[in-house]
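Notes to accompany the following structure.
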Amino acid sequence: MKLELKCKACGHQEPVYIQYKCPKCGGIQEVSYEWTEETEAEIKSWNNNDDNSFWSYRRLYPIQPASIPVSLGEGNTPILPLKRLGERLGLSDWELKNEAVSPSGSFKDRPMAVASTFAIERHISTLVTASTGNTGVSASMYAARAGLRCKIYVPATTSREKLALIKYFGAEIVTIEGNFSEAYLLAKKDAADNDWFNVTSTFMNPIALEGNKSVAYELFRQKKTVPDWVIVPIGAGPLLVAVYKGFKELKRAGVITALPKMAGVQAAEVAPIVQAFQEGASEVTAWKRSFQTAAGGIADPLLTYPQDGTCTLQTIRESKGCALSISEEVMLYHRKVLAETEGIFLETASVTAISAAVELKEKGFADADDDIVSVGTGNGLKDMSSL
Ligand SMILES: *Cc1c(COP(=O)(O)O)cnc(C)c1O
Ligand SMILES: [Zn+2]
């Protein structure tokens with residue numbers, strides 16, 4: 001299948017190579033597939049395929065047909081009904097897509113598996129990333145698995161568990177006395193200076209982000225229907241955008257007819273995308289206020305790259321969804337209630353997807369009988385200090 005990198009702003013298209021922004025206008029790029037009957041047949045065939053693995057979708061990832069995947073058993077995560085929690089909080093038809101059981105404990109293994117497979121194909125020596133922790137842990141694990149070098153830039157406020165794991169897997173770690181956006185700029189320069197692969201989870205790396213689409217494919221195959229709402233915790237929001245892209249591919253292939261509404265959730269302490277959504281703004285502005293949040297995994301003020309937030313805002317609007325923010329007290333309360341009523345342990349950033357389901361109903365965005373899926377993006381074991 002022919003692959004290209006396509007600019008989301010000006011439409012400029014060129015072959016896939018290591019390139020982080022559109023060379024014409026500096027816009028965000030995404031991987032675009034030449035759409036043929038073969039593409040449609042491939043997507044339709046998934047329904048009759050016994051293989052549910054992450055790599056059963058590899059024809060729709062930007063890797064060569066002959067490449068051996070770098071894999072730790074990522075993807076194919078369970079979908080769990082939240083019946084007892086739903087009764088407690090007044091919600092029915094509510095499920096969790098539980099990414100917490102991923103090899104590194106977060107969904108970041110999906111983009112990282114694709115990125116490291118691509119890096120091996122292209123003989124790139126080193127993965128480099130800025131991270132609020134989970135991307136760093138995942139990158140260090142996949143780099144070890146693939147025999148790649150790995151360098152991670154993290155804010156000093158990153159959880160101790162995540163810092164310890166990154167070091168344990170042998171990655172080089174650079175701790176920044178600043179926020180994620182500052183780590184972002186340093187990683188970007190380092191990758192550019194050395195021709196390393198920048199796998200930072202913003203809209204930096206269109207190759208890596210293709211791995212996230214598989215959440216949509218799996219949701220459809222597991223549920224056999226499209227949920228009314230998919231709730232995703234967002235920093236810059238590439239997971240949300242990629243999940244919607246996955247559903248759009250299923251629709252284009254004629255496998256589904258409706259698309260879900262996408263709800264993006266942020267911590268009220270750092271909520272640039274929610275603010276723009278509430279103000280009806282067409283563009284997201286960077287978050288200049290100082291902040292302190294237990295939801296470290298999604299604390300991204302978007303300083304110097306607010307256009308990444310705008311990309312997510314546009315997808316939320318296109319899907320007729322919404323953006324919601326959650327207070328510190330509410331997310332910590334739901335983290336405990338989720339644990340007690342369902343036996344599921346998520347990190348605080350991830351629990352915002354639980355709190356947001358309640359808000360969706362209370363604020364009148366969702367109808368009483370809407371089918372809601374919350375994406376549980378990260379495992380609580382890497383975020384123990386707020387207990
Ligand atoms: C990375 C991450 C997110 C969302 O990240 P985006 O990069 O904005 O897609 C959500 N939850 C957790 C736990 C994360 O680690
Ligand atoms: Zn462009």
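The values are calculated or read from the model by the stated rules, or taken from the named source; none is laboratory data. Small disclaimer: the values here were computed from a predicted structure and weren't measured. Every residue, glycine as well, gets a Cβ built from its backbone with ideal geometry; the counts of neighbours run over all protein chains shown.
Below, the figures for the structure above:
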| read-out | value |
| --- | --- |
| Breaking point among (1) surrounded by 17 or more Cβ atoms within 10 Å (Cβ to Cβ); (2) under 30 Å from Lys336 (Cα atoms), for Arg88 | (1) |
| Within region 244-270, considering residues that are more than 20 Å from Ser32 (Cα to Cα) and crowded, with 24+ Cβ neighbours inside 10 Å, the one farthest from ligand 2 (Cβ to nearest atom) | Ala267 |
| Any hit, region 343-350, residues being more than 16 Å from ligand 2 (Cβ to nearest atom), under 26 Å from Ser102 (Cα atoms), among the aromatic types (Phe, Trp, Tyr) and assigned by TED's automatic domain parsing to the domain that holds Gln292 | yes |
| Residue that is farthest from ligand 1 (Cβ to nearest atom) [pool: residues in region 13-33 that are charged (D, E, K, R) and under 24 Å from the mean Cα position of the chain (by Cα)] | Lys21 |
| Wholly within region 133-243, helices (runs of 4 or more DSSP H) carrying at least 1 residues that are crowded, with 23+ Cβ neighbours inside 10 Å, among the aromatic types (Phe, Trp, Tyr) and modelled with pLDDT under 95 | 180-194 |
| Unmet criterion (only one of (1) more than 30 Å from Thr225 (Cα to Cα); (2) buried (at least 20 other Cβ atoms within 10 Å of the Cβ); (3) acidic (Asp, Glu)) for Glu95 | (1) |
| Meets criteria (in the same structural domain as Lys251 (by TED's automatic domain parsing), of a type in the set (S, T, N, Q) and either more than 28 Å from Ala191 (Cα to Cα) or out of contact with any strand residue (DSSP E or B) (no Cβ under 9 Å at 6 or more places or on another chain) (or both)) for Ser92 | yes |
| Residue within region 34-41 that is away from ligand 1 (no atom under 16 Å from the Cβ) and aromatic (Phe, Trp, Tyr) present | yes |
| Restricting region 292-320 to residues that are more than 28 Å from Tyr20 (Cα to Cα) and in contact (Cβ under 8 Å) with a residue 24 or more places away in the chain, the residue that is farthest from ligand 1 (Cβ to nearest atom) | Lys320 |
